[in-house]
Every structure is written in C-alpha cells, then in structure tokens.
Amino acid sequence: MTSLVKRFPRHFAWGVATASYQIEGAVNEDGRGASIWDVFSHTPGKILHGDTGDIACDHYHRMREDVNLMSQLGISNYRFSISWPRIFPMGYGQKNSRGLDFYDQLTDQLLQENIEPLVTLYHWDLPQALQEKGGWINRDTAFYFRDYAVTVFDKLGDRVHNWITHNEPWVTTVAGHIQGRHAPGLKQPNVARKVAHHLLLSHGLAVESYRDMGKGRIGITLNLHPVYPASSREEDLTAQQLHDAFHNTWFLDPVFTGTYPEELDEILPFDNDFIAEGDLNLIQQPLDFLGVNYYAPHRVRWNPDEISHASLVILPEEPITSMGWPVDAKGLTDLLIRIHYDYGPIPIIITENGAAYEDVVEDGQIHDALRQHYLEMHWDALANSIEQGVPVHGYYVWSFLDNFEWALGYSKRFGIVYVDYLTQQRIVKDSGLAYSRFLREFYEYHHV
Ligand code: GBH
C-alpha cells in the first residue's frame, strides 16, 4: 500500500458518504415533516420485505458515537445529506429550527473530531407536501429548493465550505418518474424531460444564491458510467451512443455547456415549452467541482425495446457484486479521462464508490475480502487517472454504514461498518480496518 499512498497528492480528501433517509430514522421527531420516501416505503409492495427508513441506523440518536467511530478510523472527510422536510416540514414557509439544530450539532461534532463536512442538499427525500403540488413536475419546486438551500447555507455556511446541490438527478428522474421503482413511484416517461429540467434549474438557482452569500465550493453529483459497446456491430455502436446520451450527457451537457444532447430527442421526445429563457444559463454556471458516483461500467447491446435502445450485457467471466453489477475498476479511469477531455478541466470528487456483498458475522468480525479488494482496485484506478492528468481532489466510500438501500431495503449492505439492525451495534468490517490502515499510511507518508 505504501506505493499506492505515494500516488495521491498531499491534500487529497479521503472520506466516507451516507444519505439522510438511508441512515437517520427518527422520522417523526423534532418536527420533521413527511418525505416522499416515507410515503413510498409505507406503500405495500414498493420495498423488498416491506422495509422502511423509520428506524434505519438510528443515526439521528447515535450521531455522536457514529462521528466518533469515523474519527477513530482516521477518516477525515464526511459526506452527508440534509433532510429537506426536517428543515421545512411543508417544503417551504414555516422553518423548523429543531431540524436545523441537528445538522448544526452534527457539523460541530465533525469539526471537533477534525472531520471536514461535504453536504448534499438533496439526496431524494422531497417533502411530501411538495409532491402533493406536483413535486419535480412543478416548476415552483425549483424555487422552493433555492429557498431551502439558502436557509441551510445561512445556518451552516460559516463552518461548511463544500456543498453538493443534488445527488444523482438521473435517478430521481428515471427511477422516480419513469420506472416507478423509487419515490414518488410514477411511471410517466412523458414527464421525465421536464422533471430533469426542473432538477437542473433548482441546481442552477442554488448555485446562483451561493455565489452571493458563500465563499466555499459548490458542485453537483452525477451517477456516471463509461459505456462500452458489446460488439463492433453498427447497431451496438448506435446503442452505445444513445445509452450514453440517456445516462451521461443528459445531465453533463446542460451543466457544462447549457445544451441538451440531440440524441435524447430520439429516445425521449418532448416539447421544450418548459425551458424558459435564461434557464440554461442558470444551469450552466461555473462549478467548483463535479461529484462523480461510480460503481460499474455499462456494456451495451442494441435493444429498441429499452428507452436507451440498449440492454446491459454482463460477460460470463466478469465478477459481479451482490447488486449484480460488474466489478471493473478500469471503468473508473476511462470515465474520468473522458469527463476530463470532454468537459474539463474541472476538479472531480468521487462522491461515491463501493460495493454490496453478502456479509456474515464470524466471531464478531466481518471478513469482507471482496469489498476490500473492490476498494483497493478502485484506489489504484483512481491513481492511474491522476497520473494521466485528471484533477481528482477527493474520494468517498459508499458507504460508512450499512443502510436502507432504497427499493432493496436492508437486503444490500454497502457499509465498511456493519450494522446489526436488531441491536444497532456497529462492527467495523475488515474493509473498514483496511481503509483505516491505508489512511494512516497516507497521513504518515504525506505528513498530514
Ligand atoms: C447511489 O445510487 C446512491 O446515491 C446511494 O444512495 C445508493 O445507496 C448507492 O448508489 C448504492 O446503490 O432498487 O432495484 O430499483 C446509484 C444508483 C439507484 C442504483 C438505485 C441501484 C437500485 C435498483 N442506484 N438502484 S432498484
């Protein structure tokens, strides 16, 4: 590992990530309003085994112990998200100061333990009251988001210097409004272009406000994949192009160039009457960094029955995680080089990377060698991209704790720390211990 730590710059930010609804629980406490995920997870048939985030990791009550564990492991950066309905139970209007207090205390606790916060404003838990007004289909939601963002900047901005507007707006758009696998559970492909636009508009509005009031860094996190064709046949190359538009450039292009890719019109036709004058300028404001969530590449074969005209192919010899996703660290290097050449130079932060495996407790330990191997391969791939000139500034493991994996409930474990949901006991997995050793070597080598 010594050789690996040398390949990262001294100021590289190593961290772990979580999201509010996936870990907090305490859904009815301190004046929190309902979010679309409360409603969705309580709708029979939506979540595997009927799981909900009602208790999750009970992090709301165990925040200090959790931060303390992070610091014991030598983790120096923490990405968490804020629950909008804790701050505005109705989405806008009456502010709930007890909700803000929780994040205020979390921030103080982190700083006290020398952990730098990276705060995501929206990791999918929209206030239910706003959903009842149309949610992201309603343009007003973008302006309510700005007001919520300003409230949070105002409260935490003296101590938090790194902000992410949205986590994976593609997932909100597609899983939430086309596939119906995520809240709000809609299956309406015809609203998708509008939903994506309003999410992006809200991003632009929040960035604009931040420039007026904050001096730190702000960006957006996208879930991105390198897309490889399954063969060199003409139709697979077309599939590659359309799939790339659907998964990557739909969000990258507007954010960095103020346009939507033309290929999108072929696969998700729309009338662009929801794009008002000035919107695209707001959306393409300069950012301080791009957040990238990377899990796996997409290898695609032509299939006109899919929206992107492509289906995913897994090679028979390829190892997969328990999500069924192929393990391919080189995909991370390829992806970063592509982003750098097509959209850069822009500082990049890997805001999520990790793997789900079937962990078992043996004598109070979790020997998750596969996860450890996954992580180490991706650190190496990251170093390769840095050596090839990509300005990568940080990396956050998804996730600190096992947590509520959305439609898959508690069945999938991504943590480097195991959570026993019956007792809420935390057990550091072997991968967590390996990360900790790696970080100590890094600090030692770089004298930080
Ligand atoms: C990220 O999403 C998220 O930011 C994070 O919250 C999540 O926990 C993590 O990755 C791991 O998935 O439920 O059957 O519909 C990446 C995109 C969206 C891919 C949800 C998996 C679940 C498939 N993920 N999707 S299903």
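The values are calculated or read from the model by the stated rules, or taken from the named source; none is laboratory data. These numbers come from a predicted model, not from an experiment. Because the Cβ atoms are built from the backbone with ideal geometry, glycine has one as well, and the counts that use them run over all protein chains shown. With ligands, DNA and RNA removed, areas are computed over all heavy atoms of the protein, side chains included. Shrake-Rupley method; radii C 1.70, N 1.55, O 1.52, S 1.80 Å.
Take the residue pairs Lys187/Lys429; Lys95/Lys215; Lys95/Lys187; Lys330/Lys412 and return only those whose Cα atoms are more than 30 Å apart. Result: Lys187/Lys429; Lys95/Lys187 exceed 30 Å. For the chain, the fraction of 1.4 Å probe accessible surface lying on carbon and sulfur atoms is 49 percent. Here the Kirkwood formula puts the hydrodynamic radius of region 359-441 at 14.0 Å, using every distinct Cα pair.
Springs join every pair of Cα atoms under 10 Å in this Gaussian network model of the chain, and among Lys187, Lys330, Lys215 the largest mean-square fluctuation is at Lys215. Projecting label points 7 angstrom from Cα along Cα→Cβ for Tyr341 and Ile314 puts them 3.0 nm apart. Evaluated at q = 0.10, 0.16, 0.20 Å⁻¹, the base-10 log of the normalised Debye intensity for region 1-138, with identical point scatterers placed on the Cα atoms, takes the values -0.40, -0.86, -1.17.
Each Cα pair under 8 Å and six or more residues apart adds its separation to the average, and for the chain the resulting relative contact order is 18 percent.
Taking 0.36 nm per residue of sequence separation and removing the Cα-Cα distance, the Arg440/Asn28 pair yields an extension gain of 144.4 nm.
Only Cα sites of the chain enter the Debye sum here, all with the same form factor; the resulting log10 I(q)/I(0) across q = 0.13 1/Å is -1.25, listed in q order.
Considering only Asn223, Asn353, Asn281, the mean-square fluctuation computed in a Gaussian network model of the chain, springs between alpha carbons under 10 angstrom, is largest for Asn281. For a modelled paramagnetic label at Gln179, 7 Å from Cα along Cα-to-Cβ, the residues of region 30-70 in reach, with backbone nitrogen under 20 Å, are 36-53. Scattering from region 401-448 was approximated by placing one identical point on each alpha carbon and applying the Debye formula without solvent; log10 I(q)/I(0) at 0.15, 0.25 1/Å stands at -0.50, -0.86.
Residues with beta-carbon under 15 Å from that of Asp363, excluding Asp363: net charge, scoring Lys, Arg +1 and Asp, Glu -1? Every neighbour counted, the sum reads -4.
The mean sequence distance of close C-alpha pairs (under 8 Å, at least 6 residues apart), as a share of the length of region 338-448, puts its relative contact order at 29 percent.
Taking amide H positions as modeled 1.01 Å from N, with prolines and chain starts lacking one, the residues under 5 Å from Leu290 and 5 or more places away or on another chain are Ile348, Ile349. Magnitude of the charge dipole for region 1-160, about its Cα centre and with charges confined to Cβ atoms of Lys, Arg (+1) and Asp, Glu (-1), is about 600 debye.
Mean projection of the Cα convex hull over all viewing directions, computed for region 112-225: 7.9 nm². By the Stokes-Einstein formula, at 1.567 mPa s and 4 °C, region 348-403 with its Kirkwood radius over alpha-carbon pairs has D equal to 102 µm²/s. Dipole of region 1-109 computed with +1 at Lys/Arg Cβ and -1 at Asp/Glu Cβ about the Cα centre; of Ala26, Leu100, Phe8, farthest Cα towards the positive end is Phe8.
Per residue, region 264-406 exposes 42 Å² of solvent-accessible protein surface, assessed with a 1.4 angstrom probe and all protein chains in place. Using a 1.4 angstrom probe, figure out how much accessible area region 72-169 has per residue, in square angstrom, rounded to the nearest whole. Spelled out: the 1.4 Å probe surface of region 72-169, per residue, equals 32 Å². Hull volume per residue, based on the alpha-carbon atoms of region 195-354 and their convex hull, is 127 Å³. Based on Cα atoms of region 272-332, Rg over Rh with Rh as the Kirkwood radius reads 1.16. Each Lys and Arg Cβ is given +1 and each Asp and Glu Cβ -1; about its Cα centre, the chain then shows a dipole of about 680 debye.
Along the positive direction of the dipole of the chain (beta-carbon charges: Lys, Arg +1; Asp, Glu -1; about the Cα centre), which of Pro304, Pro326, Gly135 reaches farthest? Farthest towards the positive end: Gly135.
Magnitude of the charge dipole for region 102-256, about its Cα centre and with charges confined to Cβ atoms of Lys, Arg (+1) and Asp, Glu (-1), is about 360 debye. Convex hull volume of the C-alpha atoms in region 280-402, normalised per residue: 158 Å³. Taking all Cα pairs closer than 8 Å and separated by 6 or more residues, the relative contact order of region 375-432 comes to 21 percent.
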